[in-house]
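S.K.: This structure is in structure tokens; I'll ask about it shortly.
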Amino acid sequence: MQNPNVLLIVTDHWSAPLLGAAGHPIVHTPVLNTLCKNGVRFTNCYSEHPVCIPARRTLMTGTPAKFHGDRTFQPKRPMEKNLPTIAQTFRDAGYQAYGVGKTHTYPQRDRIGFDDILFDDEGRTLYGVSDDYEIYLGDRGYLGQQFGHGMSNNAYQTTSWHLPEEAHATNWATEAMQRFVRRRDPKRPSFWYLGYRHPHPPLVPPQRFLDYYKDTEIDKPFRGSWAEPSDEHPWMIQGVQSRNVYSDREIEWARRAFYALCTHIDQQIGALIGTIREEGILDNTVIMFTSDHGEMLGNHNMWAKQTFYEWSAGIPMILMGEKNCRRVGFNRTDDRLCALQDVMPTLLDLANIPIPETVKGKSMINESKREYLYGEFGEDAPSSRMIRTHSHKLIYYPIGNICQLFDIQEDPNEKNDLANDPSYASVLNELKYLLVNELYGTDEKWITHGELTGEPNRKYWPAPNRELGLTRGHQWPVPPINPKGGMDFFPEAPEGWDGSV
């Protein structure tokens, strides 16, 4: 049996509902919709650690944070040497393995098992490396200009892309992958990883994609009854809600630009699939599309990720098998609980490659299904935990010892918190029991005699965004290594100070 080629496409910040195939009324994704018709869309897929680096460690190793060691966002932590990556496992089976785009590894040139990677690290010169996308721009006369638009990588102001469209990071990544496809060794199967940096901010789509949505009424964020800003919220919710506050007009602009970035990626995926088809290998190629995590987009007065609400932790998961693959099927959905740790075993399974014993995820194309999924982000104050069953979700905030409970089947937008509803007491207790049995390490201080006790809540004192969300400037000459360049997700003022003098 000939081994198939495998293409894994991973975006950044793409929420599960943002697909036409998922019923979104506005975002335009015709190519991804067609992939769904040619395969299966998993409707309950999650990022078990919804922030970039921990999520990508899980994706690349098939293990959750308990095994790869990062549930916080540790940019200078290398991959665990005892965990074979998906790329290395494919190579060990005789595949050629090439990657393009965002990997978020450290050291930045660590190939984590690939034969080669052309990487886009969003201009993170603070580690002393110029990435391949920056080199590409310099070769074409745009040295240091990728952030000439002036938009931040972690804020939601927007403008159109300021350089020619072919110089956009989405186009560069697509063309680089197309070249890897064309330059492959035809005698060996290939594993390709394509990591698009968008729709993660900066929100800078080419103008023609903004124009596509210019006459479209953009949907507004939704808000649960529990989500009104309050000092009574868990410390972490206070922090998430305080760090990005925008006017109605700014919200409309941001959502329009975000949708435009999604449509841009969708179109470029079409161009890549076209190249694979022209090479005569499409029928023997497995394609998977997913994201490292989602994006709140203003829902519940929140932006970005790091929380376990559906738009932050819920991710798209589309799988197209080889032609006439009866293990995958076509034009169907699958409602099993799945997560990023399942990507590696699923693709290896389809390629008939033994799954390493270190992998903790499950293949999504066999009959073994999990009863619940555990998720974790952060340690100490900026922490939350999740238990998701087929029908309900528990979100736990240890600072404040506060639980939220949602009926996801009846209330997919999580507008009604049922944690204090007596009729759901048994459901709440069942999920809390599952959570207690998942906690480990420093989390155990939140348990007393088998019960969740957490820590006292406190008010979050927001500090202003002094660094504009780590906005970049002109990157030539290359900026110096900056030991203070790390991201502060929860900037807080000294306790009790509101900035007054």
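S.K.: Arrange Arg183, Arg197 by Cβ neighbour counts within 10 Å, fewest through most, would you?
M.R.: Going from least to most buried by this count: Arg183, Arg197.
S.K.: If you don't mind, another one. Counting Lys and Arg as +1 and Asp and Glu as -1, each charge on the Cβ, what is the dipole of region 5-371 about the Cα centre in debye, to the nearest 20?
M.R.: 780
S.K.: Using only the alpha-carbon atoms, what does region 58-120 span along each of its principal axes? Please give whole angstrom values in decreasing order.
M.R.: 33, 24, 15
S.K.: Let me ask something additional. Tally the DSSP beta bridges in the chain and give the antiparallel ones as a percent, rounded to 5.
M.R.: Beta bridges within the chain, antiparallel portion: roughly 45 percent.
S.K.: To continue, here is another question. Using the Cα gyration tensor of region 234-376, with a ≥ b ≥ c the square roots of its eigenvalues, what is the shape: rounded (a/c below 1.5), prolate (a/b larger than b/c) or oblate (neither)?
M.R.: It is oblate, given that a/c is not under 1.5 and a/b is not larger than b/c.
S.K.: Based on C-alpha coordinates, I'd like the Rg and Dmax of the chain, in Å.
M.R.: 21.9, 74
S.K.: Using unit Cβ charges (K, R positive; D, E negative) and no other charged atoms, how large, in debye to the nearest 20, is the dipole of region 61-102 about its Cα centre?
M.R.: Its charge dipole is roughly 180 debye.
S.K.: Restricting attention to region 188-243, which chymotrypsin sites (Phe, Trp or Tyr not before Pro) occupy a DSSP loop and are surrounded by at most 14 other Cβ atoms within 10 Å?
M.R.: Phe222
S.K.: Do the sum for the chain: with -39,500 (n - 2.57) for every DSSP H run of n ≥ 4, divided by all residues, what is the mean residue ellipticity at 222 nm, to the nearest 500 deg cm²/dmol?
M.R.: Value at 222 nm, helices only: -7500 deg cm²/dmol.
S.K.: Do any trypsin sites (Lys or Arg not before Pro) in region 1-90 lie in a DSSP loop with no more than 11 other beta carbon atoms within 10 Å, and if so, which?
M.R.: Hits after loop and neighbour filter: Lys76, Lys81.
S.K.: Continuing with this model, one more query. Would you please classify the overall shape of region 273-348 from the alpha carbon gyration tensor, given that a ≥ b ≥ c denote the square roots of the eigenvalues, rounded means a/c under 1.5, and beyond that prolate means a/b larger than b/c while oblate covers the rest?
M.R.: Prolate, because a/c is 1.5 or more and a/b exceeds b/c.
S.K.: Using amide H atoms built in the peptide plane, which far-off residues or other-chain residues are under 5 Å from Phe119 H to H?
M.R.: Gly101, Asp132, Tyr133
S.K.: A further question follows. State the percent of C-alpha pairs, over all pairs in region 410-501, separated by a distance greater than 22 angstrom.
M.R.: Looking at region 410-501, the distances longer than 22 Å represent 63 percent of pairs.
S.K.: Please work out the Cα center distance from region 63-122 to region 26-43, rounded to the nearest Å.
M.R.: With region 63-122 and region 26-43 each reduced to a Cα centre, they are spaced 27 Å.
S.K.: Neighbouring Cβ atoms within 10 Å as the yardstick, rank Leu203, Leu470 fewest first.
M.R.: Ascending Cβ contact count within 10 Å gives the list Leu470, Leu203.
S.K.: Given a cut-off of under 8 Å on Cα pairs at least six residues apart, what relative contact order in percent is computed for region 5-371?
M.R.: Result for region 5-371 is 33 percent.
S.K.: Let me ask another. Amide H neighbours of Ser15 under 5 Å, counting only residues 5+ apart in sequence or on other chains, H built in-plane at 1.01 Å?
M.R.: Here Glu295 satisfy the definition.
Every number in this text was worked out from the coordinates using simple rules, so none of it is lab data. None of these values were measured; they are calculated from a predicted model. Every residue, glycine as well, gets a Cβ built from its backbone with ideal geometry; the counts of neighbours run over all protein chains shown.
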